[in-house]
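The values are calculated or read from the model by the stated rules, or taken from the named source; none is laboratory data. All values reported here derive from a predicted model rather than from experimental measurement. Neighbour counts run over all protein chains shown; Cβ positions are idealised from the backbone, glycine included.
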Amino acid sequence: MAVKVFIPTPLRPHVGNRESLELEGATIGEVLRSLTEQHGTLRKHLYTPQGRLRNFVNVYLNDEDIRYLQREDTVVSDGDTVSIVPSIAGGSVAAAPPGLLSHEEIRRYSRHLIMPEVGLEGQRKLKQASVLCVGAGGLGSPLTMYLAAAGVGRLGIVDFDVVDESNLQRQILHGTGDVGRSKLESARDTLAEINPHVQVETHPVRLSSENALDLFRDYDIIADGTDNFPTRYLVNDACVLTGKPNVYASIFRFEGQVSVFGLPDGPCYRCLYPEPPPPGLVPSCAEGGVLGILPGIVGIIQATEVVKLILEQGDPLVGRLLLFDALGMTFRELKLRRDPECPVCGDEPTLHELIDYEQFCGIEPEPATAVEEITAVGLKQELDRGDDVFILDVRNPPEYEICRIEGAHLIPLGDLLNRLNELDTSREIVAQCRSGARSAQAVQLLRQAGFRKVRNLEGGILAWARDVDPSVPAY
Ligand SMILES: [Zn+2]
């Protein structure tokens, strides 16, 4: 198919200053590929290094945005026109020069513009600011939604997860129809709907010691919405090393913490917690649960701190740790001081580059002795033929209330060592939890305690629900 491709003014130098080109292809993707094959220097303007169409580049087939058709798979016909529209103002609105506000933006932000603390100058600061949010989950949801609504010009999000049904109770960036989609794509759609003037940059990677410094350098402020210790220390150290403010928040069950780290003279996360807790001591939200509203409240406090830093207004939470307790509905504040001995932000820092954070947090890559496993289907076969199998459920009582494998004996992992007398070393034991991680620890504990006939149910009760008994609800 031959189609006419219109090239926007800023990109014309790459195509010999032509306004349009005739190109061949069956789909938008093929047409754009032949465009960038013929004009190689265009490639980096249109595509990310990972080969995805950059999200500040909008492509239209005739007068339809391809995001509302089949994106790059949209089929083209002879005589169609394809327009490439850099999207600073959402593609359909006239773009204002950087730092200036269009009429539409002035209408949109009018309640900010009439406040002396924000005003036209503050709104321009917001528009010129860039914030990287680590995680598009519970905290990342209100954080990115409010920052987008407020008009922060460039929002980066790092996440590699897909939306799961169990996320919807708190991660309001994502809706029921997004289950199974990438969180980044879902986030990008939601944020574009809230404010098309915001440039959303998606980074589908696991943040690591290899990529963190390069990612952080490209943004003014980092907002940490992670849920695990290795990433939290990584974000902290990368912020100190790149000199970026780290707006930190964390949540668990009914409690939240917020602070601002990494500013000159202020403390960092390591000044507060020099050492991570031993693995397994502090349960994750997946194990311990979290009140769905909590990340809403805490993430909005985090967003408020980000906006204050951009506007340079008010007193940021530097040197202060805010503790929120939803059950008591209380806020408390603790003083934090920069530790002159801190290995990363102290007077004589010893840490000048990023380290292995999994190792620092005591997380072993793989246990030395592999845990013997059995699949859900294998366990069902053994039970059906009448083998003597003792199923040990190591989850917590509220989880056992939701669902259980018939006949399973409940001893939560934390009680296991005190209740070994309930187990019989001569019997075949299959340990089981939700997904197989805690029960693998249980198997190791039991082996150390002298049990020999003990196996782990691979994939936990989730695998049982999926492969054996669909009447068991997954959670
Ligand atoms: Zn420090």
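Table for the structure above
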{"read-out": "Counted residues, segment 1-18 - those being in contact with a strand residue (DSSP E or B) (Cβ under 7 Å, 6 or more places away or on another chain) and either β-branched (Val, Ile, Thr) or over 17 Å from residue 57 (Cα atoms) (or both)", "value": "7"}
{"read-out": "Answer residue from segment 217-253, given it is assigned to a loop (DSSP other than H, G, I, E, B) and in contact (Cβ under 8 Å) with a residue 40 or more places away in the chain and is nearest to residue 266 (Cα to Cα) among those", "value": "245"}
{"read-out": "Condition check for residue 414: in the same structural domain as residue 448 (by TED's automatic domain parsing) and modelled with pLDDT of 90 or more", "value": "no"}
{"read-out": "Members of segment 318-334 found to be of a type in the set (Gly, Ala, Ser) and farther than 18 Å from residue 294 by Cα, listed by number", "value": "319"}
{"read-out": "Those helices (runs of 4 or more DSSP H) lying entirely in segment 390-475 with at least 1 residues crowded, with 18+ Cβ neighbours inside 10 Å and hydrophobic (A, V, I, L, M, F, W, C)", "value": "437-448, 460-467"}
{"read-out": "Filter result for residue 264 (within 16 Å of the ligand (Cβ to nearest atom), in contact with a Cys (Cβ under 8 Å, 6 or more places away or on another chain) and under 22 Å from residue 315 (Cα atoms))", "value": "no"}
{"read-out": "Pairs where the first residue, in segment 328-356, is within 11 Å of the ligand (Cβ to nearest atom) and the second is at pLDDT below 90, C-beta under 9 Å, 6+ apart", "value": "336/272; 338/265; 339/272; 339/274; 341/274; 342/274; 343/274"}
{"read-out": "Residue in segment 149-167 that is touching a Phe, Trp or Tyr at 6+ places or on another chain (Cβ under 8 Å), at pLDDT below 95 and closer than 30 Å to residue 402 by Cα present", "value": "yes"}
{"read-out": "The listed residue being of a type in the set (D, E, K, R), closer than 30 Å to residue 464 by Cβ and either at pLDDT below 95 or in a helix (DSSP H, G or I) (or both), out of 353, 382, 348, 305", "value": "382"}
{"read-out": "Pair list, Cβ under 7 Å, 6 or more apart: segment 254-275 residue among the polar types (S, T, N, Q), other residue more than 8 Å from the ligand (Cβ to nearest atom) and assigned to a loop (DSSP other than H, G, I, E, B)", "value": "259/317; 259/336"}
{"read-out": "Filter pass, residue 318 being at pLDDT 95 or above, within 13 Å of the ligand (Cβ to nearest atom), crowded, with 19+ Cβ neighbours inside 10 Å and among the β-branched types (Val, Ile, Thr)", "value": "yes"}
